[in-house]
1. So residue 414 clears everything in (1) over 19 Å from the mean Cα position of the chain (by Cα); (2) within 16 Å of the ligand (Cβ to nearest atom); (3) not aromatic (Phe, Trp, Tyr) except one condition, right? Which one?
2. Please report, ordered by residue number, the helices (runs of 4 or more DSSP H) entirely within the range 1-85 with at least 3 residues that are hydrophobic (A, V, I, L, M, F, W, C).
3. Can you work out which of the residues in the range 313-348 that are among the β-branched types (Val, Ile, Thr) and closer than 28 Å to residue 93 by Cβ is farthest from the chain's Cα centre (by Cα)?
4. Can you confirm whether residue 441 is surrounded by fewer than 23 Cβ atoms within 10 Å (Cβ to Cβ), more than 28 Å from residue 251 (Cβ to Cβ) and either touching a residue at least 24 places away in the same chain (Cβ under 8 Å) or in contact with an Asp or Glu (Cβ under 8 Å, 6 or more places away or on another chain) (or both)?
5. Only residues in the range 274-287 that are touching a residue at least 12 places away in the same chain (Cβ under 8 Å) and closer than 12 Å to residue 317 by Cα count as the first member; pair them with residues that are away from the ligand (no atom under 11 Å from the Cβ) and among the charged types (D, E, K, R), Cβ under 7 angstrom, at least 6 apart or cross-chain, and list the lot.
6. Restricting to the range 156-170, name every residue that is in a loop (DSSP other than H, G, I, E, B) and either in contact (Cβ under 8 Å) with a residue 12 or more places away in the chain or crowded, with 21+ Cβ neighbours inside 10 Å (or both).
7. Look at residue 146 and say whether it is over 23 Å from residue 190 (Cβ atoms) and under 22 Å from the mean Cα position of the chain (by Cα).
8. Within the range 295-339, how many residues are touching a Pro at 6+ places or on another chain (Cβ under 7 Å) and either part of a helix (DSSP H, G or I) or surrounded by fewer than 20 Cβ atoms within 10 Å (Cβ to Cβ) (or both)?
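The values are calculated or read from the model by the stated rules, or taken from the named source; none is laboratory data. The model shown is predicted, which means the values in this text are computed figures rather than measured ones. Virtual Cβ from ideal backbone geometry, glycine too; neighbours counted across all protein chains shown.
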Amino acid sequence: MSKTIIISNRLPLQLQIENKTVHATPSVGGLATGMKSVHKDSNGVWIGWTGLTEEEIPANLLDDVIEATIKEQCIPVSLTKEDIDGFYYGFSNRTIWPLFHYFMEFTEFEKESWQSYVTVNEKYAEVVLDNIEEGDTVWVHDYQLMLLPALIKKKRPDVQIGFFLHIPFPSYEVFRTLPWREEILKGLLGSDLIGFHTYDYQRHFLSSVSRILRHEVGFNEITLKDRIVTANSYPMGIDYNKFSKAAAKHDATKNQSELQRRLDIHIDTTPDAKMILSIDRLDYSKGIANRLRAYEYFLEKYPEFKEKVRLVMLAVPSRSNVPQYQLLKKEIDELVGRINGKFSSVSWTPIWYFYRSMPFENLIDLYTTCDIALLTPIRDGMNLVAKEYIATRTDETGVLILSEMAGAAQEMSEALIINPNNFEEIADTLKQAIEMPKAEQIKRNKFLQKRLRRYNVEKWADDFMTALQDTKHKSDIVKAI
Ligand code: ADQ
């Protein structure tokens, strides 16, 4: 029976070694949920790294690790600490991530980390090729594995290969600065279908292919000598029911978490108080520093809201081995301290700042309690937090302020859309959000919820897989001509 092979940098599980026993627990992220029907329900396998390097796994437990991952229908790719340093912290997160998010000043072009990226992509290819059978379909995920499609296609031209990029594809003028631009494009063109979150990313990619590789490019197709590659946009959705059901349950139970109680105390003591939420990984692309500066400007411009608003800011630790992320952490700590020091009174702190990961229930506490979500990325492939916030608003109230630089803004025009670099606009929009009548909030959220409910993450995965199967017919026709 043919199967689908999913490949991503990390496997959708957490591995723990305790008392010489190996435990694998499935992780519940959006991607894992979306791929469930492709993976678990259709006898598929998932190939990726376990999160533990070769050095971290005792030799006598290697077989146990493989066994624990196989139980979850996963196959591990074995990587060394050196691989992770060069490929993940190096080329993926110091070259591709900043470049594709237009942070050219943070982009490093290091030959050694490029070589590590090539080596690790080859390691993934080896595991894939060992497990592939006739008639299988392959779906590769994200920017860490852009060479993989061509490495597979070269050895197995018979299999259909899909690739999805979860981050933006930058404009040609930015992409062309990459010394290994041709290799990256050729790697991606090993796919039969390449998916992006938005039409703009698709357009940027096609333009790079046409100008750098000089291939013939149509609206959503690239003609190679022997094949046609399709590039299209598939905006990723969320597991809508999971979020809306958790929020409904949360509303119905009287058992409040400590976090919820604290949030409610603030609201009880100041009835017209408004809670403003921001949630992101601590990443420079997310515009956290800008957001804080804009919030500071808002408090200066509209002092009547002092004591009445609070920014609840959750920043999830991320890539803390990369120097830019350490600097950003310091900058955010200082900004929060400065703003709280400047405006706080005995009874009010303008910012509550959490630097940690939170369990799902607390995430729901935050989404359901906060009146406004303020998401101001400088660049963001999609931004699922925006969608999750709307899905949890079971009474249809709440205002989403969203950066036009997030892919999600293209589908969420009923949100208040801002330019994250325009503090004047953010301050005025915050005022508009605070004063927005309930009826208007409900009207906007009805549209948003309807769309998010329909285009959920399962529909996204289905649409992509259906289009990938269709590319098979296209290549059969080309072969026949
Ligand atoms: P991310 O940059 O990680 O993803 P995002 O889309 O916002 O950004 O997803 C974050 C996810 O983490 C959300 O599902 C959220 O619920 C979860 N999360 C946030 N805070 C958490 C916390 N404290 N504890 C637990 N979970 C938390 C990349 C791209 C995005 C793109 C996605 C999917 O950068 O642009 O939307 O992939 O393609």
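1. Residue 414 satisfies all of (1) over 19 Å from the mean Cα position of the chain (by Cα); (2) within 16 Å of the ligand (Cβ to nearest atom); (3) not aromatic (Phe, Trp, Tyr) except (2).
2. 62-71
3. Per the stated criteria, the residue is 336.
4. no
5. Pairs that qualify, where the first residue is touching a residue at least 12 places away in the same chain (Cβ under 8 Å) and closer than 12 Å to residue 317 by Cα and the partner is away from the ligand (no atom under 11 Å from the Cβ) and among the charged types (D, E, K, R), are 282/329.
6. 156, 158, 159, 165, 166, 167, 168, 169, 170
7. Values: over 23 Å from residue 190 (Cβ atoms): no; under 22 Å from the mean Cα position of the chain (by Cα): yes.
The answer is no for residue 146.
8. 2
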